[in-house]
Amino acid sequence: MDDIAVAAKNQAAVGAKVKAFRNARRMSLRTLGDTTGTTASFLSQLERGLSGVNISTLMRIAGALGISLTDLFDDGSPPVGRVLRKHERPALPPAEGYRKMLLSRRPIRDMEVYIGEFDPGGSTGDKPYSHGDSHELFFVLRGKVELTLGEERHMLSAGDSIEYPSSVPHKTENIGTETAEVLWMIAPPTSVADDLDKYLPRLGS
């Protein structure tokens, strides 16, 4: 196989991986284009192997998808088990009395899982927030929290869980006297464009 054929094969493979990662995040071509300073037309051609791409642009694409550049070139089969050490957890910017870390390894595929710690009185913010249109399962590992869900309020203790659409505004607050620890499980992932900027390290500029 000559160099031109090899280059074309790699180009097609990279494009196919960009498409796979984008679809896994339910991100439109337009959204990815706006995030990376490219166009939907260019990205469509890239995904079909009809257009080349420079490293700078590819780094921006990888960053927007929440993956590393090497993820787009890795031809090997992933290991069955992928360990994420505690010190490696991607974290959201910490807020007063509240810390949230990602437990599912990148690249995020069908589900994402977070662990959160709330100091007494700590909360996710002054107002409820919503994100995407996914299914969210909330589980209390320890402590006592109040979950505001739309117009509802739920008091939850260790071992309790609740599920709800992520599109419904929600807020979590520690109403106990000890640190509360909780889990969020979201499927499919809602970490697209704006959310990626909040908690995943970006590559390039």
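The single condition among (1) assigned to a helix (DSSP H, G or I); (2) under 21 Å from the mean Cα position of the chain (by Cα); (3) buried (at least 17 other Cβ atoms within 10 Å of the Cβ) that Met27 does not satisfy is (1). Restricted to the stretch 137-158, and to residues there that are in contact (Cβ under 8 Å) with a residue 12 or more places away in the chain and outside any strand (DSSP E or B), the residue that is surrounded by the most Cβ atoms within 10 Å (Cβ to Cβ) is Gly143.
Considering the stretch 95-105, and only residues there that are at pLDDT 70 or above and assigned to a loop (DSSP other than H, G, I, E, B), the residue that is surrounded by the fewest Cβ atoms within 10 Å (Cβ to Cβ) turns out to be Glu96. Applying the criterion of being of a type in the set (S, T, N, Q) and either modelled with pLDDT of 80 or more or under 21 Å from Asp34 (Cβ atoms) (or both) to the residues of the stretch 50-86, the residue that is surrounded by the fewest Cβ atoms within 10 Å (Cβ to Cβ) is Asn54.
Filter the stretch 159-191 for residues that are in contact (Cβ under 8 Å) with a residue 24 or more places away in the chain and small (Gly, Ala, Ser); which is nearest to Asn23 (Cα to Cα)? Per the criteria, the residue is Ser191. Quick one: what pairs do we get from the stretch 5-29, first residue assigned by TED's automatic domain parsing to the domain that holds Ala62 and closer than 22 Å to Pro189 by Cβ, second modelled with pLDDT under 90 and among the acidic types (Asp, Glu), C-beta under 8 Å, 6+ apart or different chains? Close Cβ pairs satisfying both conditions: Lys17/Asp71; Phe21/Asp71; Ala24/Asp110.
The values are calculated or read from the model by the stated rules, or taken from the named source; none is laboratory data. As the structure is a computational prediction, the values presented were derived from the model and not from experiment. Backbone-built Cβ (ideal geometry, glycine too); neighbour counts: all protein chains shown.
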